[in-house]
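In what follows, a structure is listed as structure tokens, so that the remarks can point back to it.
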Number of protein chains: 2
Amino acid sequence: MKGELFILSSPAGVGKTTVAEGVVKEVPKLKRVITCTTRKPRKGERDGVDYYFLSKEEFEERIKKGKFLEYAVVHGNYYGTPLEEIERELEKGYDLLLVIDVQGMRQILKSRKEAITIFLLPPSLEELKKRMEKRGDPPEEIKKRLETAKKEIPAWREYDFVVVNDVLMEAKEDVKRIILAQRLKSYRFDPQRIKDPALRELMGL
Amino acid sequence: MKGELFILSSPAGVGKTTVAEGVVKEVPKLKRVITCTTRKPRKGERDGVDYYFLSKEEFEERIKKGKFLEYAVVHGNYYGTPLEEIERELEKGYDLLLVIDVQGMRQILKSRKEAITIFLLPPSLEELKKRMEKRGDPPEEIKKRLETAKKEIPAWREYDFVVVNDVLMEAKEDVKRIILAQRLKSYRFDPQRIKDPALRELMGL
């Protein structure tokens, strides 16, 4: 049974990385897609965990080789989603959680309409600003990211699901619920769940 | 915000009533639709809780008055879904859980394509038989219900979601998940959740 691709977007600072990591830790057979970027790692960010941190030259080499499902330039840095990794993991039956911005979501939906999209909202703009300050973003970055947030938030209606990240634990439970409920879709029914041959036959498995 | 109609079907004896009652108890703003029947109450069944138990005459009077969303005859008894009650509760913003058989689901989907459908499966036919014996169904009823089950189970693919009622607690959690995840759909977003006027404006609320 092939896995499904879940896309999680939110303005910078809402806490999508924390939510995504919590969800991936608690949901079996779910992996996070590690994307590539040429921006510098922030404090505490690890290569291969938060992102694959690439040089501009490495990134452009991969663009040429068609290695990205999508890529974009944001605030002067490249961001890209590795194609082969996604295909391989979905084929193995893993669900994938891809954290990506609104532009990235739109790009991906062009070739993968079946992706399930989730938008994470801050409870308020004030709280969003506070969270960025708290994690030590420089003031000029905060200003730039708030401007981007204002452009991205109106896109919430384009997403299948909306989760408000007011209380972290609740937002995480909501995203888990979306992913776990999706696994109960009849088209995704795992024939392995039924052992009784008579019932299997009735079900046409 | 209008509520949504969830339809839960399963062959007799799988435990749909127990699952449905557990779910309704634990999910806020969710009510069970009490359906009408002319069959005799089983041990422990209460009028207005499990069903509205009606006489044949009362039932036929309501048919004439157009009071049912759908109705059918099963094993010689009438079963019907009251229309006005559903409309009223959905308008009030309640989600509704309607426990109904495959035929009933098909009837309702003709006029309400937006209903969300869940099929509850037994883990095996043997276990299904055991559960009916355990609750004291008479042997000839068991035989009849198993025959019906064999006709109904192949319909599982017509449903949006499939839950296996192997362990009661898990089946209940699965149904809860489906209902709660549905509330996170962006088209159902409750504007009340955002208090910040600036964010509300950005969101177009």
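Would you be able to say whether some residue in segment A:176-188 is among the aromatic types (Phe, Trp, Tyr) and more than 7 Å from chain B (Cβ to nearest Cβ)? Before you say what the answer is, go through the steps one by one.
Pass one, segment A:176-188, residues among the aromatic types (Phe, Trp, Tyr): A:187.
Narrowing the set further to residues that are more than 7 Å from chain B (Cβ to nearest Cβ) leaves A:187.
Yes, some residue in segment A:176-188 is among the aromatic types (Phe, Trp, Tyr) and more than 7 Å from chain B (Cβ to nearest Cβ).
Considering each residue of segment A:166-205, count those that are in a helix (DSSP H, G or I) and either within 18 Å of B:Glu158 (Cβ to Cβ) or not small (Gly, Ala, Ser) (or both), and give that number. Counting residues in segment A:166-205 that are in a helix (DSSP H, G or I) and either within 18 Å of B:Glu158 (Cβ to Cβ) or not small (Gly, Ala, Ser) (or both) gives 25.
Using the structure shown, decide if A:Gly80 is among the small types (Gly, Ala, Ser), touching a Phe, Trp or Tyr at 6+ places or on another chain (Cβ under 9 Å) and either within 24 Å of A:Lys25 (Cβ to Cβ) or part of a helix (DSSP H, G or I) (or both).
no
Per the conditions (1) of a type in the set (Asp, Glu); (2) more than 9 Å from every other protein chain (Cβ to nearest Cβ); (3) in contact (Cβ under 8 Å) with a residue 24 or more places away in the chain; (4) touching a strand residue (DSSP E or B) at 6+ places or on another chain (Cβ under 9 Å), the sole criterion not satisfied by B:Glu170 is (3).
Counting only residues that are among the small types (Gly, Ala, Ser) and in contact with a Phe, Trp or Tyr (Cβ under 9 Å, 6 or more places away or on another chain), segment B:1-55 holds 3 of them.
Specify which of the listed residues (B:Leu205, B:Leu121) is at pLDDT 95 or above and either under 20 Å from B:Gly13 (Cβ atoms) or surrounded by fewer than 16 Cβ atoms within 10 Å (Cβ to Cβ) (or both).
On the way: B:Leu205 fails: at pLDDT 95 or above.
B:Leu121 is the lone residue from the list that is at pLDDT 95 or above and either under 20 Å from B:Gly13 (Cβ atoms) or surrounded by fewer than 16 Cβ atoms within 10 Å (Cβ to Cβ) (or both).
Looking across segment B:189-205, the residues that are within 7 Å of chain A (Cβ to nearest Cβ) and under 20 Å from A:Arg177 (Cβ atoms) come down to B:Phe189, B:Arg193.
Among the conditions (1) assigned to a helix (DSSP H, G or I); (2) more than 9 Å from chain B (Cβ to nearest Cβ); (3) surrounded by 17 or more Cβ atoms within 10 Å (Cβ to Cβ), the only one that A:Leu98 does not satisfy is (1). Whether any residue in segment B:148-159 is in contact with a Pro (Cβ under 8 Å, 6 or more places away or on another chain), more than 11 Å from chain A (Cβ to nearest Cβ), in a helix (DSSP H, G or I) and surrounded by fewer than 19 Cβ atoms within 10 Å (Cβ to Cβ) is what I want to check. Yes; the residues of segment B:148-159 include at least one that is in contact with a Pro (Cβ under 8 Å, 6 or more places away or on another chain), more than 11 Å from chain A (Cβ to nearest Cβ), in a helix (DSSP H, G or I) and surrounded by fewer than 19 Cβ atoms within 10 Å (Cβ to Cβ).
Taking segment A:164-184 as the range and being in contact with a Gly (Cβ under 8 Å, 6 or more places away or on another chain), surrounded by 21 or more Cβ atoms within 10 Å (Cβ to Cβ) and either farther than 15 Å from B:Ile194 by Cβ or among the charged types (D, E, K, R) (or both) as the test, only A:Lys172 passes.
Among the residues of segment B:1-18, write down those that are within 10 Å of the chain's Cα centre (by Cα) and either at pLDDT 95 or above or of a type in the set (Gly, Ala, Ser) (or both).
B:Leu5, B:Phe6, B:Ile7, B:Leu8, B:Ser9, B:Ser10
Considering only residues in segment A:42-65 that are assigned to a loop (DSSP other than H, G, I, E, B) and at pLDDT below 95, the one that is nearest to the chain's Cα centre (by Cα) turns out to be A:Asp50.
Considering segment A:110-140, and only residues there that are aliphatic (A, V, I, L, M) and either more than 14 Å from chain B (Cβ to nearest Cβ) or in contact (Cβ under 8 Å) with a residue 40 or more places away in the chain (or both), the residue that is nearest to A:Ala181 (Cα to Cα) turns out to be A:Ile116. The set of residues in segment B:66-81 that are under 19 Å from the mean Cα position of the chain (by Cα) and of a type outside the set (Gly, Ala, Ser) comprises B:Lys67, B:Phe68, B:Leu69, B:Glu70, B:Tyr71, B:Val73, B:Val74, B:Asn77, B:Tyr78, B:Tyr79, B:Thr81.
Against the test of being modelled with pLDDT under 95 and among the aliphatic types (A, V, I, L, M), the options A:Val163, A:Val167 yield a single qualifying residue, A:Val167.
The values are calculated or read from the model by the stated rules, or taken from the named source; none is laboratory data. From a predicted model like this one, the values you see are computed outputs, not experimental measurements. Please note: Cβ atoms are built from the backbone with ideal geometry, for glycine as well, and neighbour counts cover all protein chains shown.
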